[in-house]
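Have a look at the structure below before the remarks.
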Amino acid sequence: MDPVTQHRISQSPGIPRPSPTRSYWPVPPSNISQWGAQDVLPEKADIVIIGSGITGASIARTLLRELGENSSDVRIVMLEAREVCSGATARNGGHITPAWYHQYPELVKTYGKETAHEIIKFQVSHVHKLLSIAEEDGLLEDSQCRLTDSFDAYVDRTRFEIARENYTEYRKEEELSSLHQVTRLYEDKEQLQALQLSSSFSGVIGTVFGTMHAYRFVTGILSRLLKSHTANFQILAKTPCISITAASSTYVIETPKGTIRSAHIVHATNAWTSHLLPGFRRKIVPLRGEMTSQRPGTGLGFGQIPPSLSTTPSSSSNWQGSRTFIFYTGGKDGIFDYLTQQMQPCKVSSASKYPLPRTELMFGGGLAFNPELFCAQLGNTDDTQSIPELSTYLSSVLPCYFGENWGDDAESSEEDDRLNWGKGRTKASWSGLIGLSADSNPWVGRVPASLAEGRKLEVDKSQAGLADAGEWVCGGYSGEGMVNAWKCGAALAHMILGRCECPEWLPEPYTVSLERHAKAKLDDVLQSYI
Ligand SMILES: Cc1cc2nc3c(=O)[nH]c(=O)nc-3n(C[C@H](O)[C@H](O)[C@H](O)COP(=O)(O)OP(=O)(O)OC[C@H]3O[C@@H](n4cnc5c(N)ncnc54)[C@H](O)[C@@H]3O)c2cc1C
């Protein structure tokens, strides 16, 4: 890594900058996007959650549900620097794609078989967990949370052969193969053609995972919490936390609107974690990525797909909106592009208050194809600017993946013109910040004072039926938040409630400890990318 990048990643990421690039997902915005922006800051709370993305939403929902009848005794305030849910959750790729055969050998090598299985089971369980939360909160329509045929497509022959070996080993583990309804290997030319992929691919490995509109999922959950807990749950948009100091029995949280005191602070700020927790510099590092939303044109999705190639029963000859792809294009694990697709308008019921999706292709990646470009994104927190090289790459590479099936351009609609989306194939291109963890795993738990500028309360005894007072962190999903954040947030909520030191279903390597902190070296994880 060059000295300029070294220097940048050792600095504070700052607080989120106003006016980030315009992402496809929060258009139109939720009716809570500016919630509480004009409200007076309360003087105190029992728990302050900083950050309103999927992590903050999971923590708030779990706390309030677990407290049940006693929830009105505990006042929770959520602070958000910009609009509600305007970080990575509103700017991502929408994939619910857990670790499986691909990551298995490395996980076994690092943690042993038992823990490797735990991590994979934890991540895979998010597919159904997110679906069940969406269902419970009446958000299946708005969030479009659904199962999809999920394909890993390999260009490089050697890389595919390694993947096939890993897949074979993975399938031998009954505990793991039983997690999947179905898994498939596609390597004949005809099979690849039937998947509408170009002839440049060597092989494909498929199963069923999922996709969702994370912005609507999260804002839908927060809206419900605001309605059902009017007296004790408050969100303040456009209220950044600038600094924290420890007084005798509460922390003092400073914002431009004044201060709020609380015995518990939850850092759900992901890529921005180390601004308020400098001990996490070089442990959770911002990594700027780029996403696009593209019109599918006339060819994709209309091939005759033999049912034997589909992994989900719902797939028909028109596969639009029912597939996700990871395209492995280079030699290193971190080099891939990812594609999912919005649903067909005819498949969405009128129960959603949002405009119909238009089968937009949601396509991101390209991040690691050039080491210099990758380094320039490390520690770069400017999501108010797109990354021109990546935007150009993402807007031009899909025809190479789909060959002649890519088809001709489709016209932009009146609605697209009204919303001021781009013309041609690419509707929008925007950047967002990944929280890259120095050992690839999320960080979940109580923050030791030494990682929080030495802040420590003089009196930290438990109050309001919660755990002893303190600061808590949950983040660093390394671009895999949809298969980690929900249950990591729920685990942290259990810890704050003093139910346990750590729920047994949270993988041990995810927990915060000074020993782990000392061992986690960013340079090790960067080997997958550069
Ligand atoms: C381009 C891109 C593509 C991705 N694609 C995928 C994908 O396809 N699948 C997947 O699983 N994951 C993906 N991810 C990762 C995933 O989106 C994240 O892991 C997840 O959304 C993190 O959620 P979060 O709530 O922890 O953080 P965020 O959603 O980033 O929320 C943090 C919030 O904290 C606020 N905040 C920060 N500092 C402060 C402060 N000082 N005061 C007040 N508020 C503050 C921010 O404004 C923000 O709203 C992608 C990420 C990016 C950037």
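The values are calculated or read from the model by the stated rules, or taken from the named source; none is laboratory data. Keep in mind it's a predicted model, so treat the numbers as computed, not measured. Cβ coordinates were reconstructed from backbone atoms using ideal geometry, including for glycine residues, and neighbour counts include every protein chain displayed. We work out accessible area using only protein heavy atoms, side chains counted, and drop any ligands, DNA or RNA first. Shrake-Rupley method; radii C 1.70, N 1.55, O 1.52, S 1.80 Å.
Nearest 10 degrees is fine. How inclined is helix 214-228 to the longest principal axis of the chain, computing both from alpha carbons?
That works out to roughly 40 degrees.
Can you work out the accessible area per residue across the chain, with the rest of the protein chains kept in place, probe 1.4 Å, in square angstrom?
For the chain, the solvent-accessible area averages 39 Å² per residue.
Taking the Cβ of S52 as the centre, find all other residues whose Cβ is under 10 Å away and add up their charges (Lys, Arg: +1; Asp, Glu: -1).
Working: positive: R82; negative: E80, E83.
Once positives and negatives cancel, what remains is -1.
Among 126-138, 91-103, 334-346, how do they line up by average Cβ neighbours within 10 Å per residue, starting with the highest? Please report the intermediate quantities before stating the final value.
Details: 126-138: 17.5, 91-103: 24.1, 334-346: 19.8.
Ranked from most to least packed, the peptides come out as 91-103, 334-346, 126-138.
Treating cross-link reach as a plain straight distance, find the lysines whose alpha-carbon is under 30 Å from the alpha-carbon of K109, omitting any fewer than eight places away in the same chain.
K121, K129, K172, K283, K332, K487, K519, K521
Just order 214-226, 386-398 by mean Cβ neighbour count inside 10 Å, highest at the front, would you? The partial results should precede the final answer.
Values: 214-226: 23.4, 386-398: 18.0.
Top to bottom by mean Cβ count within 10 Å: 214-226, 386-398.
Quick one: pull the percent of accessible area on segment 399-517 belonging to carbon and sulfur, 1.4 Å probe, ligands and nucleic acids left out.
Ligands and nucleic acids excluded, carbon and sulfur give 47 percent.
To the nearest 10 degrees, how steep is helix 157-172 against the longest Cα principal axis of the chain, on a 0 to 90 scale?
For helix 157-172, the angle is close to 60 degrees.
Test of the criteria: in segment 470-530, which chymotrypsin sites (Phe, Trp or Tyr not before Pro) are in a DSSP loop and have at most 13 other Cβ atoms within 10 angstrom of their Cβ?
On the way: sites: W472, Y477, W486, W505, Y510, Y529; in loops: Y477, W505, Y529.
Filter output for segment 470-530: W505.
Once you compute Rg and the Kirkwood Rh from C-alpha atoms, what is the Rg to Rh ratio for segment 10-157?
Numbers: Rg = 19.0 Å, Rh = 18.7 Å.
Expressed as Rg/Rh, it is 1.02.
Which loop-located trypsin sites (Lys or Arg not before Pro) does segment 316-386 contain, where loop means any DSSP state but H, G, I, E or B and the Cβ has at most 13 other Cβ atoms within 10 Å?
Numbers: sites: R323, K332, K347, K353, R358; in loops: K332, K353, R358.
Counting only loop positions with at most 13 other Cβ atoms within 10 Å, the trypsin sites (Lys or Arg not before Pro) in segment 316-386 are K353.
Using the Cα atoms of the chain to build a convex hull, what is its mean projected area in square nanometres?
Numbers: hull surface 90.6 nm².
Computing the convex hull of the Cα atoms and averaging its projections yields 22.6 nm².
For helix 388-402, what angle does its Cα long axis make with the longest principal axis of the chain, in degrees from 0 to 90 and rounded to 10?
Computed tilt is about 40 degrees.
Any idea what the relative contact order of the chain is, in percent, if you count C-alpha pairs under 8 Å spaced at least 6 apart?
Details: 1167 pairs, mean separation 121.6, N = 530.
Contact order relative to length: 23 percent.
Can you tell me what share of the DSSP beta bridges in the chain is antiparallel? A percent to the nearest 5 is fine. Working shown, then result.
Working: 54 of 79 bridges.
Rounded to the nearest five, the antiparallel share is 70 percent.
Highest first, please rank the peptides 429-437, 370-378 by the mean number of other Cβ atoms sitting within 10 Å of their residues. Please list the in-between numbers first.
Values: 429-437: 24.9, 370-378: 17.2.
Final packing ranking: 429-437, 370-378.
Starting from the Cα gyration tensor of segment 316-391, take the square roots of the eigenvalues, sort them a ≥ b ≥ c, and report rounded, prolate or oblate (rounded when a/c is under 1.5, otherwise prolate if a/b is larger than b/c, else oblate).
Numbers: a/c = 3.99, a/b = 1.80, b/c = 2.22.
Taking the square roots of the gyration eigenvalues as a ≥ b ≥ c, segment 316-391 is oblate.
Restricted to Cα positions, what overall size does segment 153-224 have along the principal axes? Three whole-Å values, descending.
48, 33, 19
First select every other residue whose beta carbon is under 11 angstrom from the beta carbon of S243; then total the charges, Lys and Arg +1, Asp and Glu -1.
Details: positive: R455; negative: E254, E453.
Around S243, the surrounding residues sum to -1.
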